[in-house]
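S.K.: Provided herewith is a single structure, encoded as structure tokens, for subsequent inquiry.
The values are calculated or read from the model by the stated rules, or taken from the named source; none is laboratory data. This structure is a prediction, so every number in the text was calculated from the model and none was measured. Cβ sites come from the backbone with ideal geometry, for glycine too, and all protein chains shown count toward neighbours. We work out accessible area using only protein heavy atoms, side chains counted, and drop any ligands, DNA or RNA first. Shrake-Rupley method; radii C 1.70, N 1.55, O 1.52, S 1.80 Å.
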Amino acid sequence: MTSSTEYIQYHGILLPLEAHSKESLEYAENFSVKDTDVFAVTYPKSGTIWMQEILPLVLNGGDLTPIQTIPNWDRVPWLEEKRLALVVDQLASPRALVTHFPYRLMPPSFHTSKAKVIYVMRNPKDVMVSSYFFHQMAEFLEDPGTFDEFMDKFLEGRVLFGKWTDHVKGWRDTQLGDRIMYITYEEMAKDLPAAVRRFSDFLGRNLSEEVIQKIAEHCSFKTMKTNKMSNFSLVPKEYMNHDKSPFFRKGVAGDWENHFSSEQLARFTSAIRKELEGGSFSLPWSMD
Ligand code: PPS
């Protein structure tokens, strides 16, 4: 098997052909969202696979069967990816899905439904670092070039799913009211049981403290890294080469400090601030 590094342009954003196709995007556009569906929405590298582990457990009361028997991409599929059409009929109810789509690309049926959304945001500096290493290991993505070159691409939005700032701004400014909850990767990393409790409340699950602790334990970085249904070890090396950089790389907040020079930090901070100027929300982290 060989992989290719071809991309598809879709309404101004870049997607890898490895997982997306014209048909999968049409399928997403016409997807019939149910009122009971739950979406975890993330800009890439913000905690997607983490949510694919957490959501089924919150929705099913802590039964480990799905995370131990179904690969993450089929258990909680991406709305935009090719796999969805193949597994949609086998999804447990209520259905959990993930998407990297910007708000403007969500299908019409999503807007008229009562489906709920958990938007996970991560410090863009750590997103960029995580993405840089992911581009080294994912053979179906372009070589990221130098860290400096990749930073330019990231800030200009010449990366998968476009600009980080457009993604967070779009999902902050929605008509979804109490259908959406916001959480950060950093909050999840700091206190996972508290995050699981918030998910449980938001989704009306009323989980016991014992179940919340169990879910948090099974969704820790350490445990997930060894779960072959979630750590991408089932994917052939031609597609993902964990020798170059493991998918479960560090799993911490603040790794950017090990990679940014002071000049890069100034450039990055100024570009992000400029993009968010005059916006309706402020970032929960200091950008300096
Ligand atoms: S992707 O490719 O967009 O689906 O990637 P995504 O899952 O959004 O992000 C990958 C990063 O999330 C980290 N991760 C975790 N951190 C803490 N705890 C848990 N349980 C966890 N699971 C995944 C993963 O390690 C990537 O971050 P980095 O910084 O590269 O380690």
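S.K.: Within the range 200-212, does at least one residue satisfy the condition of being in contact (Cβ under 8 Å) with a residue 60 or more places away in the chain and over 30 Å from residue 114 (Cβ atoms)?
M.R.: Here is the first cut: in the range 200-212, the ones in contact (Cβ under 8 Å) with a residue 60 or more places away in the chain are 200, 202-203, 205, 207, 211.
Going one step further and asking which of them are over 30 Å from residue 114 (Cβ atoms), we end up with none.
No, the conditions are met nowhere in the range 200-212.
S.K.: Taking the range 260-288, which residues are out of contact with any Lys or Arg (no Cβ under 8 Å at 6 or more places or on another chain) and assigned to a loop (DSSP other than H, G, I, E, B)?
M.R.: 261, 277, 278, 282, 283, 284, 285, 286, 288
S.K.: If you go through the range 133-163, how many residues are open to solvent by less than 40 Å² (accessible area, probe 1.4 Å), in contact (Cβ under 8 Å) with a residue 60 or more places away in the chain and within 12 Å of the ligand (Cβ to nearest atom)?
M.R.: Residues that pass the stated criteria total 8.
S.K.: Still on this structure, I have one more. Would you confirm whether or not the range 169-177 contains a residue that is of a type in the set (Phe, Trp, Tyr), more than 12 Å from the ligand (Cβ to nearest atom) and surrounded by 20 or more Cβ atoms within 10 Å (Cβ to Cβ)? Outline the logic, then answer.
M.R.: From the range 169-177, those of a type in the set (Phe, Trp, Tyr) are 171; that's our starting set.
Now restrict to residues that are more than 12 Å from the ligand (Cβ to nearest atom): 171.
Next, from what is left, pick out any that are surrounded by 20 or more Cβ atoms within 10 Å (Cβ to Cβ): 171.
Yes - at least one qualifying residue is present in the range 169-177.
S.K.: Only one of (1) buried (at least 17 other Cβ atoms within 10 Å of the Cβ); (2) in contact with a helix residue (DSSP H, G or I) (Cβ under 7 Å, 6 or more places away or on another chain) is not met by residue 186, so which one is it?
M.R.: (2)
S.K.: Criterion first (more than 16 Å from residue 56 (Cβ to Cβ) and among the charged types (D, E, K, R)) does residue 205 satisfy it? Explain how you work it out, then say what you get.
M.R.: On the way: more than 16 Å from residue 56 (Cβ to Cβ): no; among the charged types (D, E, K, R): yes.
Spelling it out, it is not the case that residue 205 is more than 16 Å from residue 56 (Cβ to Cβ) and among the charged types (D, E, K, R).
S.K.: Hey, can you tell me all the residues within the range 66-84 that are of a type outside the set (Lys, Arg) and either within 13 Å of residue 227 (Cβ to Cβ) or touching a residue at least 40 places away in the same chain (Cβ under 8 Å) (or both)?
M.R.: The first filter runs over the range 66-84 and keeps only residues of a type outside the set (Lys, Arg), leaving 66-74, 76-81, 84.
Scanning the range 66-84 gives 66, 67, 68, 69, 70, 71, 72, 78, 79, 80, 81, 84.
S.K.: Another one. Being more than 13 Å from the ligand (Cβ to nearest atom), modelled with pLDDT of 95 or more, of a type in the set (D, E, K, R) and surrounded by 14 or more Cβ atoms within 10 Å (Cβ to Cβ), is that true of even one residue in the range 50-62? Give the steps one after another, and end with the answer.
M.R.: Step one: list which residues in the range 50-62 are more than 13 Å from the ligand (Cβ to nearest atom), which gives 56, 58-62.
Now narrow it down to the ones that are modelled with pLDDT of 95 or more: 56, 58-62.
From the residues that got through so far, the ones that are of a type in the set (D, E, K, R) too are none.
No: the range 50-62 contains no residue that is more than 13 Å from the ligand (Cβ to nearest atom), modelled with pLDDT of 95 or more, of a type in the set (D, E, K, R) and surrounded by 14 or more Cβ atoms within 10 Å (Cβ to Cβ).
S.K.: If a residue has to be in a loop (DSSP other than H, G, I, E, B) and either closer than 27 Å to residue 235 by Cβ or within 16 Å of the ligand (Cβ to nearest atom) (or both) to count, how many in the range 94-130 make the cut? Before you say what the answer is, go through the steps one by one.
M.R.: Residues of the range 94-130 in a loop (DSSP other than H, G, I, E, B): 94-95, 100-102, 106-107, 113-115, 122-123.
Subsequent filtering for residues that are either closer than 27 Å to residue 235 by Cβ or within 16 Å of the ligand (Cβ to nearest atom) (or both) retains 95, 100-102, 122-123.
Number of matching residues: 6.
S.K.: Okay, next question. Which of the residues spanning the range 231-259 are open to solvent by 60 Å² or more (accessible area, probe 1.4 Å) and assigned to a loop (DSSP other than H, G, I, E, B)? It would help to see each step written out before you state the result.
M.R.: Taking the range 231-259 and keeping what is open to solvent by 60 Å² or more (accessible area, probe 1.4 Å), we get 233-234, 237-238, 243-244, 250, 252, 257-258.
If the condition is that a residue be open to solvent by 60 Å² or more (accessible area, probe 1.4 Å) and assigned to a loop (DSSP other than H, G, I, E, B), then 233, 234, 237, 238, 243, 244, 250, 252 are the ones that fit.
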